[in-house]
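The values are calculated or read from the model by the stated rules, or taken from the named source; none is laboratory data. What you see is a predicted model; the values in this text were computed from it and never measured. Cβ coordinates were reconstructed from backbone atoms using ideal geometry, including for glycine residues, and neighbour counts include every protein chain displayed. Side chains are part of the model used for accessible areas, which takes the heavy atoms of the whole protein and leaves out ligands, DNA and RNA. Shrake-Rupley method; radii C 1.70, N 1.55, O 1.52, S 1.80 Å.
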Amino acid sequence: MFFWPERWMILLPFSREVLIIGLVFMIVYLWYQRQMQHKKSAPVLKNGIKKGIAHFDAQFIKELGPLRIMEGQLGGLAHAEKELAMLVAPESGVVLKPVQSRGRGEREVAFYEYQRLNPTPIKSFLCGYYGISLVQRKLYLVLDDCCAGMSSPCTLDIKIGTKTYEDDAPKEKKLREAAKYPPQAFLGCRIVGMRLFDSSGQNISMYDKHWGYDVLNIKHLEHKLYLFFYNVKQPYTLILAFLQKLDDLIHVFEQNSQPGPFVFISSSLFFAYDAAFHLSSSSTQHLPRVTLRLIDFAHVRSENRTDSASLVGLHTVRTALANLLRQSTESFHPSDEQQNDKSSDHAQQIFSSTSLKPTPVR
């Protein structure tokens, strides 16, 4: 076999041009894939803000009444600057949440707009949405106040999901987020914050995300949740009321229809009850009024598949609540009449449910 080096030398300039063209093509292709993935992550992202503004009733903003900074705010925005804090309109029963930067706010608006135009089963677990408003040159989502009508609201924020980053996030961010709270990878949840009124209904205790970092297993989670649910005279009925709502939410996630074509990343379960009512009432005839909502959608993705990462967290929380319900029965003795009501029937179903088993780690 013979070689002609001088002929190969002639091809070198062309090889260099081909290499450059190939690199340019690869860069353009990767950019295109990234844009398509971003487009899929929010079906109405392109016009989300415009639709939100168009949907908002101009007359409604005039009827909001005076606005003030929300007290006792939990979660990430609780530690943000005042100009990024949530606002509350007590007279109207709504809150104003800042539209976040870097596309996160647009994605959240797009999610609410999608649910408004194409409602899915998950909508019944969301705060009511009224569009977005411009207040002092800042954009805000206008949502129902989950604590409206409560004189002493006790609130709990639990972030669900086995991770807090998106699949296409840079490797450095994935490592940084995973290192914040490693147990989330198998528990599927972490406590973001809690707000409690004491027995007098006057003094407030606040717990932030650092308080929840020492939760290493379900037993530890039970100890934290004990403070929230055993803050009242009848923890049995309080826990049972929340469990019924949580079961309904899990049912939506487990259906083939899913809660819609979405996967939730860094979303939270928001629990709320009125301590003033539960500390003064000793009635066990009816389940109390409680609020359970799914909140925070800055990282929601449009993927038509089962959201197994969120389900891990939902089942972990359910297991912890069911174990607390078992403990509460030791001090709760319903009458014969009460044993025949729907509350007792549902409690028996909870105790016999196979979903009380911890979700296996994969």
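Okay, here's what the table says:
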read-out	value
With eigenvalues of the C-alpha gyration tensor scaled by 5 and rooted, the stretch 149-251, Å	29, 16, 13
Förster radius 45 Å - calculated FRET efficiency between L30 and A148, Cβ distance, rounded to 0.05	0.40
Heavy-atom accessible area ranking, 1.4 Å probe, most first, across M86, M206, M194	M206, M86, M194
Full-extension gain in nm, A179 to N203, via 0.36 nm per residue minus C-alpha separation	5.2 nm
Distance between the stretch 125-164 and the stretch 219-268 - C-alpha centres, whole angstrom	17
Area of I204 that stays accessible when all protein chains are in place (1.4 Å probe, Å², to 10)	80
Computed E for S308/L216 - FRET, C-beta separation, R0 22 angstrom, nearest 0.05	0.50
Fraction of alpha-carbon pairs over 13 Å apart in the stretch 121-168 - percent	75
Rounded to the nearest 10 Å², the accessible area of K180 at probe 1.4 Å	100
Probe 1.4 Å, accessible area per residue of the stretch 69-191, Å²	46
Value of D in µm² per second that Stokes-Einstein yields for the stretch 85-237, Kirkwood Rh from Cα pairs, at 20 °C (1.002 mPa s)	118
Relative packing of 238-244, 106-112, which averages over residues the other C-beta atoms within 10 Å, highest first	106-112, 238-244
FRET efficiency, Y230 to F186 (Cβ-Cβ, R0 30 Å, nearest 0.05)	0.70
